[in-house]
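Note sheet for the following structure.
The values are calculated or read from the model by the stated rules, or taken from the named source; none is laboratory data. Since this is a predicted model, take the numbers as computed values, not measurements. When we count neighbours, we look across all protein chains shown, and the Cβ atoms used for this are built from the backbone with ideal geometry, even at glycine. These accessible areas exclude ligands, DNA and RNA; they are computed on the full protein's heavy atoms, side chains included. Shrake-Rupley method; radii C 1.70, N 1.55, O 1.52, S 1.80 Å.
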Amino acid sequence: MQGYLSATFATANIIGPLLGGLFVEYLSWHWIFWVNLPLGAAAFATTYFQLRRLPLPGKRPKIDWLGALLILLSCTPLLLGITFVQRANSWTAPEALGCFGLGAAFLVALIAQERSVSQPMLPLQLFRSPVFTMGIIVTALSSMVMMALVILVPLDYQMSAGLSAKDAGLRMIAMTLGSVTGSFLAGQAVSRTGRYRPFAVLGAAVATLMCLLIAFMGLGHSLPLDTAVTLLLGLSFGCQFSPMTVTIQNAVEARDGGIAVSCMMFFRLMGGAFGVALLSSVLLGHLPDGAMAGGAPPEVVRAAFSTVFLAASGIAGLCLVAALCLKEIPLRGRS
């Protein structure tokens with residue numbers, strides 16, 4: 001079941017550049033925002049009618065509103081700080097350091113708040129499980145690489161190879177198919193074998209190698225080669241997502257399964273946001289002024305993207321180390 005869910009997640013995230021390219025090519029960039037209205041309405045209607053079929057909980061929970069606010073106040077300044085790093089091309093820019101300091105202060109307040117309430121928004125006791133903690137780290141790091149490359153790979157096709165937005169989006173189909181296939185196959189394999197660690201290790205290892213290969217080889221030279229590399233990259237992402245969901249659910253007590261998966265989704269999305277901001281800042285830091293408008297030599301652009309993929313391989317390498325540290329424990333319900 002987690003394989004199906006992860007495949008849907010991967011499809012939704014990777015098909016975006018394809019649709020975006022088609023909108024830019026044939027309609028207008030404004031449509032990347034307009035399209036969210038019917039999609040959002042459909043999601044709202046489906047959620048509303050389906051959730052009404054579920055029984056109501058017998059006990060009304062106490063919502064940790066302050067914890068939710070502190071999560072927002074601690075994460076937002078950190079993301080803004082990376083944005084200021086992009087603009088100033090320096091990690092020591094005063095506005096960036098100010099945002100990092102503010103985010104750290106709210107993070108300390110968040111930890112204090114979550115330790116003092118009976119029903120915290122972010123239960124810290126879950127992190128006492130080494131398997132849960134390592135699963136969260138693997139999830140966040142893999143999402144950093146995936147979400148950043150979903151944004152930057154089409155940009156590389158356009159800036160380095162001169163492809164149109166439509167053609168760049170079409171070349172992302174291989175990564176989409178790889179992610180969906182990897183999620184489905186890994187989910188089926190975990191169900192049959194009862195093991196999740198090998199897939200996390202394999203996915204992180206392949207992602208590291210593919211990022212290194214792209215860094216030295218580049219993209220846009222050959223359609224078959226681009227397809228093979230991005231397909232393997234997509235498979236590596238898929239091999240990590242569905243097994244990690246099962247890992248995190250299995251690492252906590254059954255009653256904490258829902259909040260554990262919620263924590264995983266939070267760190268997955270935050271990891272993706274940080275990955276996009278971080279690797280985008282690496283790209284902008286290695287491009288001359290005006291390069292985004294087409295005012296830089298192709299070799300300079302390729303060198304900048306090579307640095308980006310080297311950085312991505314470093315993050316994927318850290319993910320591999322975390323996956324190797326992941327302890328294999330029997331899945332609940334298996335003899």
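General remarks:
- Over all other residues within a Cβ to Cβ distance under 15 Å of L19, the charged ones net out to 0, with Lys and Arg as +1 and Asp and Glu as -1.
- Of [x] 18.5; [y] 23.2; [z] 20.0, the label for mean projected area of the Cα convex hull in nm² derived from the coordinates: [x]
- Shape of region 28-186 from the C-alpha gyration tensor: oblate (a/c of 1.5 or more and a/b not above b/c, with a ≥ b ≥ c the square roots of its eigenvalues).
- Mean separation of Cα contacts under 8 Å, 6 or more apart, over the residue count of region 160-263: relative contact order %: 42
- W31 accessible area, 1.4 Å probe, all protein chains in place, Å² to nearest 10: 120
- Rolled with a 1.4 Å probe across the full set of protein chains, the surface gives V150 an accessible area near 10 Å².
- Sorting D167, D64 by solvent-accessible area of protein heavy atoms yields D167, D64, largest first, with a 1.4 Å probe.
- Per-residue HN-Hα couplings for region 224-240 [Karplus 6.51, -1.76, 1.60; θ = phi - 60°; Hz; x = Gly/Pro]: x, 5, 4, 5, 5, 5, 6, 5, 5, 5, x, 4, 5, 5, x, 5, 9
- Accessible area per residue in Å² at 1.4 Å probe, computed on the chain: 51
- F44 accessible area, assembled protein chains, probe 1.4 Å, Å²: 140
- Applied to region 243-259, the Karplus parametrisation 6.51 cos²θ - 1.76 cosθ + 1.60 on θ = phi - 60° returns per-residue 3J(HN,Hα) values of x, 5, 5, 5, 4, 5, 4, 6, 7, 10, 5, 4, 5, 9, x, x, 5 Hz, with x for Gly and Pro.
- At an R0 of 35 angstrom, the distance between the Cβ atoms of L72 and L310 translates into a FRET efficiency of 0.60.
- Region 1-113: C-alpha gyration tensor shape, a/c 1.5 cut-off, then a/b vs b/c: oblate
- If R0 is 51 Å, the Cβ-Cβ spacing of T83 and A42 corresponds to a FRET efficiency of close to 0.95.
- Whether region 218-263 is rounded, prolate or oblate, judged on the alpha carbon gyration tensor where a/c under 1.5 counts as rounded: prolate
- Here the label points at R115 and H30, each 7 Å from Cα along the C-beta direction, are separated by 5.2 nm in the simple model.
- Qualifying lysines (Cα of each under 30 Å from Cα of K166; at least 8 residues distant if same chain): none
- With respect to the chain, whose longest principal axis is taken over its alpha-carbon atoms, helix 65-88 is tilted by about 20°.
- Anchor K62: aspartates and glutamates whose Cα lies under 15 Å away (excluding residues fewer than 8 positions away in-chain): E114
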